């Protein structure tokens, strides 16, 4: 059952505090919602960063901050399955968590109930991929920042620059 309304930024922030209290979140001056926190799908902890600008970005963007994603031995970042691959910044490529045209995500859904859960699931499959060399999750294909809508790609690059600037600024 889909909710046709849009969740407010405050509702998104409140739900994240309630469901994922280890995530630190804030609303940036331009309206972008930004969270950072730990996920442990199976073998190890990951620090992830998630951001979404309501009304401007079609989908939330999730990237792994620490430890950085890595290809299989002898492989390349382009070979990591289901990344929103950023050729300009491969280590900060986003996780492809759902089919953008499949209706799983909408602004009516809470990021805390969807995107974070999907990110943890993606990381579990990523760990299995490192062990088996097969992506064992259902999938629809590959994506890249270069093929995104220009507005989404620009916001992603701008927000990644903000997220990774030194904390003294």
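The values are calculated or read from the model by the stated rules, or taken from the named source; none is laboratory data. Here the structure is a predicted model, which means the values were calculated and not measured. Every residue, glycine among them, receives a Cβ derived from its backbone with ideal geometry; neighbour counts consider all protein chains shown.
Conditions (1) part of a strand (DSSP E or B); (2) in contact with a strand residue (DSSP E or B) (Cβ under 8 Å, 6 or more places away or on another chain), marked per residue:
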residue: 50; (1), (2): yes, yes
residue: 55; (1), (2): no, no
residue: 59; (1), (2): no, yes
residue: 78; (1), (2): no, yes
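Identify all residues within segment 4-27 that are out of contact with any strand residue (DSSP E or B) (no Cβ under 8 Å at 6 or more places or on another chain), surrounded by 15 or more Cβ atoms within 10 Å (Cβ to Cβ) and either closer than 16 Å to residue 38 by Cα or free of Cβ contacts under 8 Å to residues at least 60 places away in the same chain (or both); write none if there are none. Answer for segment 4-27, where residues must be out of contact with any strand residue (DSSP E or B) (no Cβ under 8 Å at 6 or more places or on another chain), surrounded by 15 or more Cβ atoms within 10 Å (Cβ to Cβ) and either closer than 16 Å to residue 38 by Cα or free of Cβ contacts under 8 Å to residues at least 60 places away in the same chain (or both): just 14. Take the residues in segment 101-154 that are assigned to a loop (DSSP other than H, G, I, E, B) and under 14 Å from residue 62 (Cα atoms); name whichever of them is modelled with the highest pLDDT. Among those residues, the one meeting the criterion is 114. Scanning segment 22-41 for residues that are under 17 Å from residue 67 (Cα atoms), assigned to a loop (DSSP other than H, G, I, E, B) and at pLDDT 95 or above yields one hit, 23.
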